[in-house]
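Values in this text are rule-based calculations from the coordinates and carry no lab data. Bear in mind that the values here come from a model prediction, so they are computed numbers and not experimental data. Don't worry about glycine lacking a Cβ; one is built from the backbone with ideal geometry, like all the others, and counts go over all protein chains shown.
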Amino acid sequence: MSKPRVAIFDFACCEGCQLQIVNFEEGILDLIGAVDLVEWREGMSEQSHEYDIAIVEGSITRPEDEERLQVIRSRARVLIALGACATTGGVNKLKNNFDLPEVSQCVYGEDSKRPHLKAYPTKAADEVVKVDYYVHGCPIHRPELTYILRCLLLGKRPDIPQYPVCVECKASGNPCLWDYGEVCLGPIIRAGCGSRCPSKGFRCFGCRGYVDDPNVEAAKEVIDKHNLSVEDLKSKMVLFGSKQGPTNE
Ligand code: SF4
Ligand code: SF4
Ligand code: SF4
């Protein structure tokens, strides 16, 4: 049986999620053994228009990105969004809070008028095409990518957490940062990172996006207990939650 052909593509991003793949030596070796990697700009020089699985990193910020993503989608049986830039728009969506010509002028000055620097409000991959699987996080949690790929190879649907970071955090036995005056977004953010930040003493800043169907009442209880408002919580979500709905659907 032939191995599934996999291609990795990038759009507007820092390429940090691809770097996570490059740096994941033991995982990547397993992966290369199980699939046929046919295109990956960051890791090889070959290119191909024929692939079964497309892994897409980065946000869509220009009409030409949108066209390119649609072509990728039309060629792939399965499309995986890799990292927050692709799954939710990530930090790139911050710019959607501002006047775009003003932002462009501020960043590029006179060059902002150059055609290749023209951009529109940032979109996540699923605002342009159908996405089959999401590898959340900024950057991704590397074992989650190999887990999703392994499930795909076995014909199983990956089980991505539908519960908040607090569940993993409490299971790790961490003290709650709210009790130390931090506004941690754990109650409304999707788990799956192993509560990476609170386990190191940093608040969750929301890189995996909102959990589907959050337990609003429980979150409200935490907020009330600390005399804060939902707006306070939302204001802390600006880095990764700009112009997003309450879910990632
Ligand atoms: S999700 Fe974060 S680490 Fe990954 S490409 Fe985007 S900015 Fe970089
Ligand atoms: S709010 Fe943050 S620190 Fe507290 S339990 Fe949830 S994830 Fe952990
Ligand atoms: S704890 Fe929150 S910010 Fe940190 S990796 Fe997990 S989801 Fe992202």
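The table that follows gives values for the structure above.
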| quantity | calculated |
| --- | --- |
| Fluctuation leader among A12, A218, A34 - the chain, Gaussian network, Cα springs under 10 angstrom | A218 |
| Cα shape, the stretch 3-96, gyration tensor, a/c 1.5 rule | oblate |
| Long-range HN-HN contacts of Y163 with modeled amide H, under 5 Å | A191 |
| Positive-end extreme of charge dipole, the stretch 165-241 - chosen from G241, C197, H226 (charges on Cβ) | C197 |
| The chain: C-alpha gyration tensor shape, a/c 1.5 cut-off, then a/b vs b/c | oblate |
| Distance from the stretch 145-179 to the stretch 1-64 (C-alpha centre basis), Å | 23 |
| Within the stretch 1-96, percent of DSSP bridges classed antiparallel, to nearest 5 | 5 |
| In nm, spacing of pseudo-spin labels at V22 and H49 (7 Å Cα→C-beta vector) | 2.8 |
| Cα gyration tensor shape of the stretch 165-241, rounded if a/c is under 1.5, else prolate or oblate by comparing a/b with b/c | rounded |
| Fully extended contour minus Cα-Cα distance, from N97 to R68, at 0.36 nm per residue | 7.9 nm |
| Gain in span if fully extended, R41 to K170, counting 0.36 nm per residue against the direct Cα distance | 42.5 nm |
| Sites D212 and K113 - FRET efficiency at Förster radius 45 Å, r taken between beta-carbons, to 0.05 | 0.60 |
| DSSP-defined antiparallel bridges as percent of all bridges, the chain, nearest 5 | 25 |
| In order through the stretch 189-196: 3J(HN,Hα) via Karplus (6.51 cos²θ - 1.76 cosθ + 1.60), integer Hz, x for Gly, Pro | 10, 5, 6, x, 9, x, 6, 3 |
| Estimated [θ] at 222 nm from DSSP helical runs (n ≥ 4, -39500 (n - 2.57)) normalised by residues in the chain, nearest 500 | -9000 deg cm²/dmol |
| Candidates Y180, Y163, Y51, ranked by Gaussian network fluctuation over the chain, Cα under 10 Å, top entry | Y180 |
| GNM result for the chain, Cα springs below 10 Å: residue of L145, L177, L82 fluctuating most strongly | L177 |
| ³J(HN,Hα) computed for each position of the stretch 82-99 - Karplus, 6.51 cos²θ - 1.76 cosθ + 1.60, integer Hz, glycine/proline x | 10, x, 4, 4, 8, 6, 10, x, x, 5, 4, 6, 3, 5, 5, 7, 10, 6 |
| For the stretch 165-241: relative contact order, % (alpha-carbon pairs under 8 angstrom, 6 or more apart) | 31 |
